[in-house]
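As structure tokens, the structure follows; a few thoughts come after it.
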């Protein structure tokens, strides 16, 4: 019967060891972040639907790009873009919050050392990071996720005037010297571009997968493809692509206008054989929430836009796990 059911974002047959049935109770145990919506196909099945289904998550720690490096927390997902101005930081924040709402313990690292924006988007800008006796930084907890950012160490108006090697060293220190709790996922908001900082992070720190953010316009798409090429050259798998600002949606009448063009990110994803994780709108409600340090997905988790972003996060989590199973020596 399980072979007849297709779970959301899961392209394979449901493994039998994921399902436990005891009388009229049935348990689905998945190795990635997911919410109750994943149970709907089982509940709607003519025979399996007779059971009372519950969900359990035991999130797997997956292989990374630097297996020889010790890593005390879970899966590192870098969110990157070939150029600035595509909304990469806002996507990073919403993905991290969405993964948390899907049942995961999540951290987010603000790796954009030149322009850290997470303190603004998540709030608590005036709260500085504490340093413990072991000289480790204690991350803040905001909206249920753990956050480390250079913006919590410096004044909001200070400019980071660093050459590439200095910025790269600062980023590595921020990554290694933050005392993270047990995490299932660590989202890394990368600086834009494909330069020294990005290469250093990709080559020296353990990465499980990368998400590329682009807008549909031609100039952004060309840079997105450069980012995909860079990660592939250093052995980091591309877990997916998000087309941000896919269209403008009026909050009053619902009219959609493709300001930056249509389907550009979708075409790049198809051409590069990368999963398309979502096409997110340019919407004032998303923008205003982040400007106020109250992200929409955290404040209104059942809003239609929040559910859309949670759907992208659920696909990301499933894709990350499925990618790991295709590597040599890995089994489902």
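So here's what we get for this one:
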quantity: Residue 12 vs. criteria touching a residue at least 12 places away in the same chain (Cβ under 8 Å) and closer than 15 Å to residue 316 by Cβ; calculated: no
quantity: Condition met for residue 13 (farther than 24 Å from residue 309 by Cα and in a loop (DSSP other than H, G, I, E, B)); calculated: yes
quantity: Any chance residue 278 is surrounded by 13 or more Cβ atoms within 10 Å (Cβ to Cβ), in the same structural domain as residue 83 (by TED's automatic domain parsing), under 15 Å from the mean Cα position of the chain (by Cα) and without any contact (Cβ under 8 Å) to a residue 40 or more places away in the chain; calculated: yes
quantity: Meets criteria (in a loop (DSSP other than H, G, I, E, B), closer than 22 Å to residue 273 by Cα and either at pLDDT below 80 or not assigned by TED's automatic domain parsing to the domain that holds residue 320 (or both)) for residue 193; calculated: yes
quantity: Matching residues in region 310-326 - criterion: being farther than 14 Å from residue 238 by Cβ and either modelled with pLDDT of 90 or more or in a loop (DSSP other than H, G, I, E, B) (or both); calculated: 310, 311, 312, 313, 314, 317, 318, 321
quantity: Pair list, Cβ under 8 Å, 6 or more apart: region 296-315 residue on the phi > 0 side of the Ramachandran plot and without any contact (Cβ under 8 Å) to a residue 12 or more places away in the chain, other residue surrounded by fewer than 23 Cβ atoms within 10 Å (Cβ to Cβ) and in a helix (DSSP H, G or I); calculated: none
quantity: Number of positions in region 6-27 that are over 24 Å from residue 183 (Cα atoms) and either assigned by TED's automatic domain parsing to the domain that holds residue 97 or crowded, with 18+ Cβ neighbours inside 10 Å (or both); calculated: 4
quantity: Odd one out for residue 52, checked against (1) more than 20 Å from residue 318 (Cβ to Cβ); (2) at pLDDT below 95; calculated: (2)
quantity: Complete set of residues in region 28-61 that are surrounded by fewer than 21 Cβ atoms within 10 Å (Cβ to Cβ) and assigned to a loop (DSSP other than H, G, I, E, B); calculated: 31, 35, 45, 46, 47, 51, 58, 60, 61
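The values are calculated or read from the model by the stated rules, or taken from the named source; none is laboratory data. Quick caveat, the model's predicted, so the values are computed rather than measured. Because the Cβ atoms are built from the backbone with ideal geometry, glycine has one as well, and the counts that use them run over all protein chains shown.
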